[in-house]
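So the structure is just underneath, and the comments pick up after that.
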Amino acid sequence: MLVFIICFFTVSFSLCQNSSDFKALKKELFFTKEYDKDSKPVKDYKSTIYVNVELTLNSLITLDEVQQRLTTIGYLHISWHDEFLTWDRKQYGDLDYIYLPQSSIWKPDITLQDSYTEMEELGSDLILATIKHDGSVNWTPFQVFNSYCPVSMTFFPFDRQTCEFVFGAWSMQMNDISLLITNVSGIALERSIKENTIWTIVSTSVKATQYHEESRVIFSITLQRKPLYVMMHLVLPLVLLTLLNLFTFAIPADSGERMGYTVTVWLSFGVFLTLVGQSLPESSESISFMDIFIVMQLFQSTLVVLLSAVLSRLIARNGQTFISSCLLKRIVTYKRGKSVSTSSEIKKDEKETQIYITWKEYVSTIDFCVFWCLLSICILLITALSFYTVYKAEYTLSGE
């Protein structure tokens, strides 16, 4: 019990001593020495202040492709040397460091210069800066960063986007302040960083640059889209809709449902084009291959509607017609070989063979040819676009 009382009074005395030392030190710095937070913290006003900058992210919120805005949560590690915030530790109870609000000391006017919103000061008055006895200042402003990120949707949904965070001293020139890189490997990521459901962080980088007379540090982050959601909810239904468009020619031309079916499929492609357009930025510099594919399918669907209308008119005719095309002859002969009965007859001439068929049989033959031709074209088109998109996306990334 006696030992506990002695320890209690010892700790209480130590805390009281540290508190009084802090007050004395603060009075010495801000009243006796008249520290001015608006003054450059160097004794030689012409000398350059070197500021170390490091960015740490702990959450990737979203990348809005339409507005081209990247939203993240993180904080900056900013450190510099203040020649007017120094003291002798022995005179203040061996006090090694103190905490002060960021608004009470000088700090570099670093801002996110590619901010999507209005320019604002980093951090808040709730954030305390750490000042050591030798004048080293460490400031860690926490921020929700809304930065402008131009996107290229050419290889959507296998695209990779590279976004930048451009930090610079807005008012001071390079001979006044110079921004340096602390972590040369890029952006530091918290171990507990929350994974985004759409994007995966592939790599990060950082570089120090100069823009006119201004010192800048540019952090870059490369994001890879997770394509599963788009494949399941957009690409797969689009492929199935393409197949439905082809099977228009499997419906008898004299059926009253055929024209309604083709128009419905055409409208569905228009709806898909609208949905894809709403999820992509309004840009003429880069057009998604998916947009191109949908427009091609919309054009093909228009041809299917027109061709179906013409065939519906032909099938309403009476009588017979003849064909002289070798391909159509082979198709008719093949189809007749499977038929049990036919009302057509074959008339042979000395020079050539002409096959006489009814208009219904003629339309059925045209349907057969168009179906297999369009099916082959669609298979080749889908395969070529898929392989080209994936290959080109990987090649572009490896080139970077």
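What is the distance in Å between the Cα centres of segment 210-247 and segment 68-118?
So the separation of the two Cα centres works out to 37 Å.
Not counting ligands, DNA or RNA, and with a 1.4 Å probe, what is Val66's accessible surface area in Å² rounded to the nearest 10?
70
Leaving out ligands and nucleic acids, and using a 1.4 Å probe, what accessible area per residue does segment 183-232 come to in Å²?
62
Largest first, how would Arg225, Arg191, Arg313, Arg89 line up by accessible area (1.4 Å probe)?
Result, largest first: Arg191, Arg313, Arg89, Arg225.
Taking a probe of 1.4 Å, how large is the accessible area per residue of segment 10-162, in Å²?
With the other protein chains kept in place, segment 10-162 gives 52 Å² per residue.
Set the bar at 28 Å for Cα to Cα. Now go through Lys37/Lys132; Lys43/Lys207; Lys26/Lys207; Lys43/Lys90; Lys40/Lys194; Lys37/Lys194 and name every pair that lies beyond it.
Violating the 28 Å limit, Cα to Cα: Lys43/Lys207; Lys26/Lys207; Lys40/Lys194; Lys37/Lys194.
Among the chymotrypsin sites (Phe, Trp or Tyr not before Pro) in segment 14-111, which ones are in a DSSP loop with at most 10 other Cβ atoms within 10 Å of the Cβ? Mind listing them? Kindly include the intermediate steps, with their values, before the conclusion.
Details: sites: Phe22, Phe30, Phe31, Tyr35, Tyr45, Tyr50, Tyr75, Trp80, Phe84, Trp87, Tyr92, Tyr97, Tyr99, Trp106; in loops: Tyr35, Tyr45, Phe84, Trp87, Trp106.
Counting only loop positions with at most 10 other Cβ atoms within 10 Å, the chymotrypsin sites (Phe, Trp or Tyr not before Pro) in segment 14-111 are Tyr45.
Through the Karplus equation 6.51 cos²θ - 1.76 cosθ + 1.60, θ set to phi - 60°, convert the phi angles of segment 149-159 into ³J(HN,Hα) values in whole Hz; use x for Gly and Pro.
With the stated coefficients, segment 149-159 comes to 9, x, 10, 10, 9, 4, 9, 4, x, 9, 7 Hz.
Segment 40-130: which GluC sites (Glu not before Pro) are DSSP loop and have at most 14 other beta-carbon atoms within 10 angstrom? Spell out each step's value before the answer.
Working: sites: Glu54, Glu65, Glu83, Glu118, Glu120, Glu121; in loops: Glu65, Glu83, Glu118, Glu120, Glu121.
Taking segment 40-130 and a limit of 14 other Cβ atoms within 10 Å, the loop GluC sites (Glu not before Pro) found are Glu83, Glu118, Glu120, Glu121.
Estimate the FRET efficiency between Ser47 and Ala208 by the formula 1/(1 + (r/R0)^6), using the beta-carbon distance for r and 22 Å for R0, to the nearest 0.05.
After rounding to 0.05, the efficiency reads 0.70.
Whenever you get a sec, compute what percent of the accessible area on segment 98-256 sits on carbon and sulfur atoms (1.4 Å probe).
For segment 98-256, the apolar C and S fraction of the accessible surface comes to 58 percent.
Is segment 165-309 rounded, prolate or oblate when judged by the Cα gyration tensor, a ≥ b ≥ c being the square roots of its eigenvalues, rounded requiring a/c under 1.5 and prolate requiring a/b larger than b/c?
It comes out prolate by the Cα gyration axes.
The values are calculated or read from the model by the stated rules, or taken from the named source; none is laboratory data. Keep in mind it's a predicted model, so treat the numbers as computed, not measured. Because the Cβ atoms are built from the backbone with ideal geometry, glycine has one as well, and the counts that use them run over all protein chains shown. Note: accessible area is taken over every heavy atom of the protein model, side chains too, but ligands, DNA and RNA are not part of it. Shrake-Rupley method; radii C 1.70, N 1.55, O 1.52, S 1.80 Å.
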